[in-house]
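A.B. asks: One structure follows; several queries about it will come next.
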Amino acid sequence: MSSRKKSRNQWYRMDLHLHTPASADYQEPNTTYLDILRKAEFRGLDIIAFTDHNSLAGYSRMMRDIEQLNYLEGLGRAQPDELKRLAEYRRLLDKILVLPGFEFTATFGFHILGIFSPATPLRMTEHLLLSLNVPPHVLDEGNSEVGASADVLTAYETINEAGGICIAAHVNSSHGVAMRGFDFGGQTRIAYTQDEYLHALEVTDLGRQDRNSTERFFNGTKAGYDRRMRCIQGSDAHRLNAAPNADKNAKNANLGVGDRVTEVLLPERTFEALLEMFKGTDFSRTRPYNPSRQPLDYIQAAREEGATLVQSFHESMTKTGGRLYGIITDVCAFANTNGGTVYIGLNADPKRPPNGIERPQDGVDTLQQEISRLITPPLNIEIDVAETQGKPIIRIQVPSGNDRPYAIEDNKIYVRDEADTSLAIRDEIVNLVRQGQGIKPPVEVSVPEPKPSLPTEPPRPKAKRFAPVVAEPTPVELSPASIPPPTGGVEIIGAEQRGEEHYYAMRDLRNGNIVQNVTRSSARRLWHYAIKQHEGNKPRTEKITWYGDIGLWQRYVKNGETRYDLVQRVDGEMRVYYGVTDSAMQGAWQVFLVPEEAE
């Protein structure tokens, strides 16, 4: 367990996706490397990376130019214009950290950024590209077309093992591993965006808070996407200045240097500090930069999203009234689920001013003592003090635990279900024990994901992790009957009567886990609602809004959040999905969403 007081870190502006004339598709071939550095200075950038297509030629040419100028200076043979150019290089490189990197084209055209320390020998990094099956001539050409290169997961692991920062490029647009807009490839998308060696996702819609934003999709609340991913933005500049018709909010925007910038909180402007940040789980250390807006208040942004599977809010931490114990139960529940963040000193309602914590460091000490005393096995959390709207609050960052189940006072095991923390019941405890032993419980999927007959990707050389079968991303028409269930809510899959009591089997649509022997009196909130509806308000076909074989039975609001009861015809039977949230309405189910402006 660790705690951090308000740090002395500093915000730096970075653009980690810049092309140079060494890329074959660079639009202004007469641009010099000093031109790029001067433009970066003009845009106020502190950290940049040269990421030419499958090549380090741009960074290499700049360094050779500087080396030659230094050599001439040492011999006393440098001309005045050469000394002036060398002085300009020194001035700019003193202000801007320039990192070597590349934009690798993996199998089926997916783009991946690899960014390295300036101390890394360029020959070693070029050898890495050769090991990823980049043809030798491409190293000089900077071409995005490379033929049969290595697969995505191999690239992640190779970049990581070489000490680099691995970022999936423009994931929500063309050549992006998120495969947005395609109705197939779910397991592939999960593998490509959740891999342990992937440090971040580069997105083109950073800062958007609507339900369709990429950052919100990868916030750790979606089924299968349990690992929250850091999202950053970069310009992907192929020119100095944006094209006249460029749209900074577009996916393929044709931007210039520094037109999409991320701010990063670091103790120093070094590659090592940047790598440490990317490997960490403090997501407040990156934020989108926009010169026309106030810097993002990440705590207020969290409140705008509200209590979820991975975050909770507490106005105070007094022992009276059980408020401190409620915080500890959330910590335990997050550790047993997907991890998460607990904010203390404010309400989840973003319109209410935060209370703050009067003596925050005393609060941190108390939380450390109580969590250490009450939760077993030991849990490595981080507690720090942050600020929002001028008020100090306490933040607890809880990892997804790898020694499950975690318990309070050795016998109270809590789990997180949507925005609620509840005591785990028998089948959930069994699943937690299996997870702690590295055994994944079987997940029942009644509607298989469609598998189009398209080329598949060869397996990875190493078999220690899941290597998915990949379909080339070509749009495929899906019939409504083949649509998988929503990725949230619950489904009643069985019922029996024993004496006077009805017992139900419930399927958690978020993770596929099945819980047996649930009664109306023992059920938690959503389960209780589903049982109540099942017993007294079953769907009537004539009242359902149908879209092919899927339908909307009813829509309701719970704690200010719209929820949906949905139905699906499968093999002549009607399945019912209760309490589905907006975020769980993926694919064709989005046809039933209420427009955000109407909510």
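The values are calculated or read from the model by the stated rules, or taken from the named source; none is laboratory data. Every value quoted in this text rests on a predicted model; they were computed, and no experiment measured them. Positions of Cβ are backbone-derived with ideal geometry, glycine not excepted, and every protein chain shown enters the neighbour counts.
A.B. asks: Quick check on this structure: which one of 74, 101, 44 is part of a helix (DSSP H, G or I) and either crowded, with 23+ Cβ neighbours inside 10 Å or not hydrophobic (A, V, I, L, M, F, W, C) (or both)?
C.D. replies: Of the residues listed, the single one that is part of a helix (DSSP H, G or I) and either crowded, with 23+ Cβ neighbours inside 10 Å or not hydrophobic (A, V, I, L, M, F, W, C) (or both) is 74.
A.B. asks: Can you tell me which residue is nearest to residue 169 (Cα to Cα) among those in the stretch 204-225 that are in a loop (DSSP other than H, G, I, E, B) and among the β-branched types (Val, Ile, Thr)?
C.D. replies: 204
A.B. asks: Could you pull out the residue among 171, 134 that is crowded, with 21+ Cβ neighbours inside 10 Å and farther than 30 Å from residue 590 by Cα?
C.D. replies: 134
A.B. asks: Anything in the stretch 339-378 that is aliphatic (A, V, I, L, M) and within 23 Å of the chain's Cα centre (by Cα)? List them, or say none.
C.D. replies: Those that are aliphatic (A, V, I, L, M) and within 23 Å of the chain's Cα centre (by Cα): 342, 348.
A.B. asks: State whether the residues of the stretch 71-84 include one that is in contact (Cβ under 8 Å) with a residue 12 or more places away in the chain and among the hydroxyl-bearing types (Ser, Thr, Tyr).
C.D. replies: no
A.B. asks: Out of 114, 109, report the one residue that is closer than 26 Å to residue 202 by Cα and in contact with a Cys (Cβ under 9 Å, 6 or more places away or on another chain).
C.D. replies: Residue meeting the stated conditions: 114.
A.B. asks: If I filter the stretch 267-315 down to residues being in a loop (DSSP other than H, G, I, E, B) and of a type in the set (Gly, Ala, Ser), which single residue comes out as surrounded by the most Cβ atoms within 10 Å (Cβ to Cβ)?
C.D. replies: 307
A.B. asks: Any idea which residue in the stretch 12-41 is nearest to residue 203 (Cα to Cα), counting only those that are in contact with a Ser or Thr (Cβ under 8 Å, 6 or more places away or on another chain), assigned to a loop (DSSP other than H, G, I, E, B) and of a type outside the set (Ser, Thr, Tyr)?
C.D. replies: Result: 19.
A.B. asks: Specify the residue that is surrounded by the fewest Cβ atoms within 10 Å (Cβ to Cβ); the eligible residues are those in the stretch 387-411 that are of a type outside the set (Asp, Glu) and more than 23 Å from residue 364 (Cα to Cα).
C.D. replies: Ranking the qualifying residues of the stretch 387-411, first place goes to 411.
A.B. asks: I've got another one for you. Are any of the residues in the stretch 143-151 closer than 22 Å to residue 257 by Cβ and either surrounded by fewer than 22 Cβ atoms within 10 Å (Cβ to Cβ) or in the same structural domain as residue 204 (by TED's automatic domain parsing) (or both)?
C.D. replies: yes
A.B. asks: Sort through 265, 346, 309, 296 and tell me the only one that's under 21 Å from residue 387 (Cβ atoms), modelled with pLDDT under 95 and either in the same structural domain as residue 362 (by TED's automatic domain parsing) or in contact with a strand residue (DSSP E or B) (Cβ under 9 Å, 6 or more places away or on another chain) (or both).
C.D. replies: Every option except 296 fails the conditions.
A.B. asks: Determine, yes or no, whether residue 66 is within 31 Å of the chain's Cα centre (by Cα), among the aliphatic types (A, V, I, L, M) and assigned to a helix (DSSP H, G or I).
C.D. replies: For residue 66, the condition - within 31 Å of the chain's Cα centre (by Cα), among the aliphatic types (A, V, I, L, M) and assigned to a helix (DSSP H, G or I) - is not met.
A.B. asks: Could you list, in sequence order, the residues of the stretch 352-373 that are in contact with a helix residue (DSSP H, G or I) (Cβ under 9 Å, 6 or more places away or on another chain) and crowded, with 19+ Cβ neighbours inside 10 Å?
C.D. replies: Residues satisfying the conditions are 354, 357, 367, 371.
A.B. asks: Please verify whether the stretch 52-63 includes one or more residues that are touching a residue at least 24 places away in the same chain (Cβ under 8 Å) and in a strand (DSSP E or B).
C.D. replies: Yes.
A.B. asks: Among residues belonging to the stretch 546-589 that are surrounded by fewer than 14 Cβ atoms within 10 Å (Cβ to Cβ) and free of Cβ contacts under 8 Å to residues at least 60 places away in the same chain, point out the one that is farthest from residue 484 (Cα to Cα).
C.D. replies: 557
A.B. asks: Consider residue 376 carefully, then state whether it is in contact with a helix residue (DSSP H, G or I) (Cβ under 6 Å, 6 or more places away or on another chain) and surrounded by fewer than 22 Cβ atoms within 10 Å (Cβ to Cβ).
C.D. replies: So residue 376 does not fit the description; no.
A.B. asks: Right, something else. Return yes or no: is residue 71 out of contact with any His (no Cβ under 7 Å at 6 or more places or on another chain), over 18 Å from residue 25 (Cα atoms) and either outside the structural domain of residue 236 (by TED's automatic domain parsing) or of a type in the set (Ser, Thr, Tyr) (or both)?
C.D. replies: When the stated conditions are applied, residue 71 passes them.
A quick yes/no check of all residues on (1) out of contact with any Leu (no Cβ under 7 Å at 6 or more places or on another chain); (2) outside any helix (DSSP H, G or I); (3) modelled with pLDDT of 95 or more:
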| site | (1), (2), (3) |
| --- | --- |
| 357 | yes, yes, yes |
| 363 | yes, no, yes |
| 369 | yes, no, yes |
| 372 | yes, no, yes |
| 378 | yes, yes, yes |
| 383 | no, yes, yes |
| 393 | no, yes, yes |
| 397 | yes, yes, yes |
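A.B. asks: Continuing with this model, one more query. Out of 233, 194, report the one residue that is in contact with a strand residue (DSSP E or B) (Cβ under 9 Å, 6 or more places away or on another chain) and closer than 29 Å to residue 29 by Cα.
C.D. replies: Testing whether each residue is in contact with a strand residue (DSSP E or B) (Cβ under 9 Å, 6 or more places away or on another chain) and closer than 29 Å to residue 29 by Cα leaves just 233.
A.B. asks: Of these, 83, 69, which one is buried (at least 17 other Cβ atoms within 10 Å of the Cβ) and not β-branched (Val, Ile, Thr)?
C.D. replies: So the residue among 83, 69 that is buried (at least 17 other Cβ atoms within 10 Å of the Cβ) and not β-branched (Val, Ile, Thr) is 69.
A.B. asks: Please indicate, with yes or no, whether at least one residue in the stretch 91-108 is within 23 Å of residue 38 (Cβ to Cβ), without any contact (Cβ under 8 Å) to a residue 24 or more places away in the chain and in the same structural domain as residue 69 (by TED's automatic domain parsing).
C.D. replies: Yes, there is a match, as at least one residue in the stretch 91-108 is within 23 Å of residue 38 (Cβ to Cβ), without any contact (Cβ under 8 Å) to a residue 24 or more places away in the chain and in the same structural domain as residue 69 (by TED's automatic domain parsing).
A.B. asks: Quick check on the stretch 318-325. Is at least one of its residues closer than 21 Å to residue 558 by Cβ, charged (D, E, K, R) and either surrounded by fewer than 16 Cβ atoms within 10 Å (Cβ to Cβ) or free of Cβ contacts under 8 Å to residues at least 40 places away in the same chain (or both)?
C.D. replies: Checking the stretch 318-325: not a single residue is closer than 21 Å to residue 558 by Cβ, charged (D, E, K, R) and either surrounded by fewer than 16 Cβ atoms within 10 Å (Cβ to Cβ) or free of Cβ contacts under 8 Å to residues at least 40 places away in the same chain (or both).
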